[in-house]
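The values are calculated or read from the model by the stated rules, or taken from the named source; none is laboratory data. The structure displayed is predicted, hence computed values, not measured ones. Glycine also receives a Cβ, built like all others from the backbone with ideal geometry; neighbour counts cover every protein chain displayed.
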Amino acid sequence: MDSTAPHVAPPQERRHVPVGSVVAVVIGCLLLLPAFGALAGGSVLTWANSTQRDDDGYFTSTTHHLETLRRAITSDEVDLGFDTQRGSEMGDLATIRLRVDGTGERPVFVGIGPSDQVDAYLRDVGRAQISDVTTHPFRVSYRYTGSGAPKSPPGSQTFWVAQASGNGVQTLRWPLESGTWTLVVMNADGSAGVAVDASAGVKASWVGPVGAGLLVAGSIVLIVGAALLVAGVVGLARHGSDHAPAEEHPPGRSPARLVGHLDPELGRWLWLVKWLLVIPHLVVLAFLWLAFAVLTFVAGVAVLFSGRYPRGIFDFNVGVLRWTWRVGFYAYGANGTDRYPPFTLSPVADYPASFDLDYPDHLSRGLVLVKWWLLAIPQYVVVRIILGGTRTAWTAAGDPARISVTGLLPWLVFVGMVGLLFTGRYPKALFRLVIGLNRWVIRVVVYAALLTDRYPPFRLDQGEEEPVAEDG
């Protein structure tokens with residue numbers, strides 16, 4: 001037998017992609033994310049409700065010192081809704097408790113009132129408005145306005161919805177109401193020089209029930225998600241058992257094979273509207289690539305523990321790459337055909353663009369942890385040159401800005417399309433180069449997606465057919 005004869009791949013059997021199992025795995029994984037979030041939130045709320053409340057049921061802050069030489073300390077406006085009329089109760093949501101302790105001998109006043117009426121009362125009055133609060137370490141920033149004195153003591157005003165005044169510790173309790181409100185701390189006689197130790201607390205009766213509800217809901221979603229995930233993985237495992245173990249691909253043939261045959265006749269104008277024609281494909285591919293990402297993670301875990309890539313996931317992910325390449329070949333990844341791509345993950349024998357990948361009998365458990373990020377970094381640099389991307393630039397004012405950088409491949413395809421528009425011909429040499437760049441990119445994707453252990457060669461293999469001679 002002549003050992004120099006080119007290798008001819010045997011015809012491939014048409015493999016059924018277990019879409020139902022794939023959907024179960026993807027939905028199961030997606031359900032696990034909100035389940036874990038609900039369980040974490042419910043645990044925090046239940047813990048806080050059980051351990052962080054005082055004897056009166058309030059979650060209370062530590063006590064901090066507030067002081068100003070002005071006549072009032074005010075909060076910024078607090079907007080609790082669009083209703084500016086009193087009486088729109090929100091007390092079932094929460095009750096606020098404020099405690100202030102005057103550090104001097106003068107009695108203090110603390111009150112909450114509608115912001116417009118507070119502003120009218122304190123117009124031209126010297127006050128320190130809290131503009132910012134940092135907690136570690138605690139620090140209050142003030143915005144100072146006015147310099148005059150109030151025309152009457154704060155306690156004589158009738159617009160306060162909650163108030164307290166006197167010597168020693170003063171406690172204000174206020175069930176939340178819809179509207180825009182301002183908190184005011186003053187000396188009871190309106191004199192200058194306000195100094196208090198203050199703490200705030202909130203009572204919310206819903207914290208415990210909501211925490212328990214999140215725990216129950218999270219547990220239910222977790223069970224459903226885990227059941228779907230297990231069912232999907234079992235289905236994929238059964239699908240994989242229907243296939244005999246794959247033989248290692250011959251040393252002279254790449255495991256990934258991308259093919260693209262240029263149509264003899266291409267329309268001069270069709271490429272102008274292909275962006276519109278491929279929208280249905282792009283919508284489907286968005287969901288397929290979401291599934292691809294989830295299943296790649298699942299497959300990575302399987303490889304880490306077993307050294308084998310689940311066959312059902314493998315067939316699905318290769319199908320996604322195959323579908324993506326057909327759409328790219330039709331549209332702006334190559335513009336090599338005017339034949340509309342089929343909606344299928346399976347091979348289509350008579351379509352001018354095809355992709356296939358040998359199933360690996362065994363994958364390195366250790367490489368799965370590093371090849372997709374560390375080992376692939378040099379390849380990512382090349383792919384970025386080929387495809388382009390975005391980078392951060394700095395404006396004259398020193399602000400960051402994101403700008404798009406067009407890669408080599410989009411430029412070459414554009415040149416080919418312009419040539420087609422004016423001459424009716426797609427330059428063959430240019431097309432061979434475009435296919436070679438696409439081949440480089442998909443080899444990197446295959447490696448980064450854990451589908452093979454063969455490192456992508458730093459070699460531009462041009463041409464419509466996958467070259468037979470490959471370096472091992």
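Which pairs have Cβ atoms under 9 Å, sit 6 or more apart or on different chains, and link a residue in segment 424-438 that is within 13 Å of residue 258 (Cα to Cα) and at pLDDT 95 or above to one that is among the polar types (S, T, N, Q) and surrounded by 20 or more Cβ atoms within 10 Å (Cβ to Cβ)?
Matching pairs, first to second residue: 434/335.
Count, please, the residues in segment 128-164 that happen to be under 50 Å from the mean Cα position of the chain (by Cα) and assigned to a strand (DSSP E or B).
Of the residues in that region, 19 qualify.
Going through segment 39-70 one residue at a time, which ones are among the aliphatic types (A, V, I, L, M) and farther than 24 Å from residue 92 by Cβ? First the steps, then the outcome.
We begin by selecting, within segment 39-70, every residue among the aliphatic types (A, V, I, L, M); these are 39-40, 44-45, 48, 66, 69.
If the condition is that a residue be among the aliphatic types (A, V, I, L, M) and farther than 24 Å from residue 92 by Cβ, then 39, 40, 66, 69 are the ones that fit.
Can you pull out the residues in segment 303-345 that are over 14 Å from residue 282 (Cα atoms), of a type in the set (Gly, Ala, Ser), within 28 Å of the chain's Cα centre (by Cα) and surrounded by 22 or more Cβ atoms within 10 Å (Cβ to Cβ)?
Correct list: 312 only.
Please specify each residue of segment 184-195 satisfying the condition of being modelled with pLDDT of 95 or more and within 26 Å of residue 54 (Cα to Cα).
Scanning segment 184-195 gives 184, 185.
So if I check each of 257, 238, 253, which one is at pLDDT 90 or above and of a type outside the set (A, V, I, L, M, F, W, C)?
Exactly one of 257, 238, 253 is at pLDDT 90 or above and of a type outside the set (A, V, I, L, M, F, W, C), namely 257.
Six or more apart or on different chains, Cβ under 6 Å: which pairs go from a residue in segment 320-343 that's within 15 Å of residue 263 (Cα to Cα) and assigned by TED's automatic domain parsing to the domain that holds residue 275 to one that's among the hydroxyl-bearing types (Ser, Thr, Tyr) and in a loop (DSSP other than H, G, I, E, B)? Could you list them?
330/337
Which one is farthest from residue 391 (Cα to Cα), of the residues in segment 406-423 that are small (Gly, Ala, Ser) and either in contact (Cβ under 8 Å) with a residue 60 or more places away in the chain or outside any helix (DSSP H, G or I) (or both)?
416
Restricting the first residue to segment 345-365 and requiring it to be assigned by TED's automatic domain parsing to the domain that holds residue 325 and more than 19 Å from residue 301 (Cβ to Cβ), which pairs with a second residue that is assigned to a loop (DSSP other than H, G, I, E, B) and of a type in the set (Phe, Trp, Tyr) meet a Cβ separation below 7 Å and a spacing of at least six or different chains?
Listed pairs, sorted by first residue: none to list.
Mind listing whichever residues of segment 181-203 are in contact with a Gly (Cβ under 9 Å, 6 or more places away or on another chain), crowded, with 18+ Cβ neighbours inside 10 Å and not in a strand (DSSP E or B)?
Of everything in segment 181-203, just one residue is in contact with a Gly (Cβ under 9 Å, 6 or more places away or on another chain), crowded, with 18+ Cβ neighbours inside 10 Å and not in a strand (DSSP E or B), namely 188.
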